[in-house]
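The values are calculated or read from the model by the stated rules, or taken from the named source; none is laboratory data. What you see is a predicted model; the values in this text were computed from it and never measured. Cβ: placed from backbone, ideal geometry, glycine included. Neighbour counts: every protein chain shown. Each accessible area value is taken on the protein alone, full model and side chains, heavy atoms only, with ligands, DNA and RNA left out. Shrake-Rupley method; radii C 1.70, N 1.55, O 1.52, S 1.80 Å.
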Amino acid sequence: MWSYKKNLEFDLPVTPRWAYLRRRDLMKGTALGALAYWSGWAFAQEKLKFKSNADFQKVDPPYKVTDKKLVLSYNNFYEFSLEKDEVVKKVAGWKIDSWKLEVGGLVKKPRTLNLQDLTTAFELEERIYRFRCVEAWSMVVPWIGFSLSKLIESVEPKPEAKFVKFTTLADPAKMPGVKELSNYPWPYTEGLTIEEAKNPLTLMVVGAYGEPLAKQNGAPIRLIVPWKYGFKSAKSLVKIEFVKEQPKSLWQDLAPSEYGFYANVNPKVDHPRWSQASEKVIDGSFFPKRIPTLMYNGYEKYVTGLYAGLDLKKKY
Ligand code: MTE
């Protein structure tokens, strides 16, 4: 079984953890809770060592950990469906048990990680990150994963490696969207500069809400780059390559006038078809509230050094 530690260093102010801890605590103290515990439901929850932290009490603007149900049912995963609420149904029969993640290209020590390696090769931590989609909605998710920088260190990139290319699975037999969207340049690919990839915020995610990552969220392993629009956070990775030239992503290929390479969250640069100044908070309500979008999604202090000399008033 896998274990992980909590890393508070990267947590930004969100509402107290009780939002999703309360159930666990309630279970501990009641007869019903004991029953649930012994029936196994609470087993995964109980293994997690969460601490509440005073930093989370102060919220401005008011971010809250998104209800797990919403994160599991409101998904962008075009390999399965264009409809957010259809993805969860369509992943049901998809098997991920013989997964391999190849890591290679301009590196001295290429390696292949199997399903078990993904959760055991590196120390796992939980981090609560804001997640901002280019479609102007946002969530706050307690991801579990490891820093991509650790994996990068282990493969020893050659000096010529300037970019990292991420390739995800595209299996037309098991992923109906791949067949239906036949004009899309599958597979879904994404890219980062090597400095962005090594940034301590960049996370390889294998879980969320204390549990292994759900298939609709990109199991068994996905990227999470919290200061960039969500489409950079590619799901269900099968290959990571170190390359010399800036790789072209699926979105750059499909709609170059709308999606750039960097795709940093920037409230001052609108999407050609809508404003990026604010975002809809996914909270399950009929009229979700809108809040202002923050530069780099609130992660400015971790990443500004990466973009010296880049004109951020231009298209992202
Ligand atoms: N990765 C793959 N392989 N396919 C996709 O369609 N959608 C992206 C990103 N990664 C996508 C993907 C977009 S647009 C967003 S907003 C997030 O995944 C959504 O992640 P979630 O469903 O876990 O919230």
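Peptides 99-111, 181-193 ranked from most to least packed, by the mean per-residue count of other Cβ atoms within 10 Å: 181-193, 99-111. Calculate the FRET efficiency for LYS301 and SER257 from the Cβ-Cβ distance with a Förster distance of 30 Å, rounded to the nearest 0.05. My answer for the efficiency is 0.45.
Near LYS84, within a Cβ-to-Cβ distance under 12 Å, what is the net charge of the other residues, with Lys and Arg +1 and Asp and Glu -1? Value of the local net charge: -2. Each peptide in 155-164, 65-74 receives the mean, over its residues, of other Cβ atoms within 10 Å, and ordering these scores from highest gives 65-74, 155-164.
With a 1.4 Å probe and all protein chains left in place, how much accessible area per residue does the range 193-316 have, in Å²?
42
Counting Lys and Arg as +1 and Asp and Glu as -1 over every other residue whose Cβ lies under 13 Å from the Cβ of GLY105, the net charge comes to +3. Estimated at 0.36 nm per residue, the fully extended path between ASP311 and ARG290 surpasses their Cα-Cα distance by 4.8 nm. Applying 1/(1 + (r/R0)^6) with R0 = 35 Å to the Cβ-Cβ distance of GLU83 and LYS158 gives a FRET efficiency near 0.25. Using 1/(1 + (r/R0)^6) with R0 = 35 angstrom and r between the beta carbons of THR193 and ILE96, what's the FRET efficiency to the nearest 0.05? E(calc), rounded to 0.05, equals 0.75. Other residues lying with their Cβ under 11 Å from the Cβ of GLN246 contribute a combined charge of +3, Lys and Arg counting +1, Asp and Glu -1.
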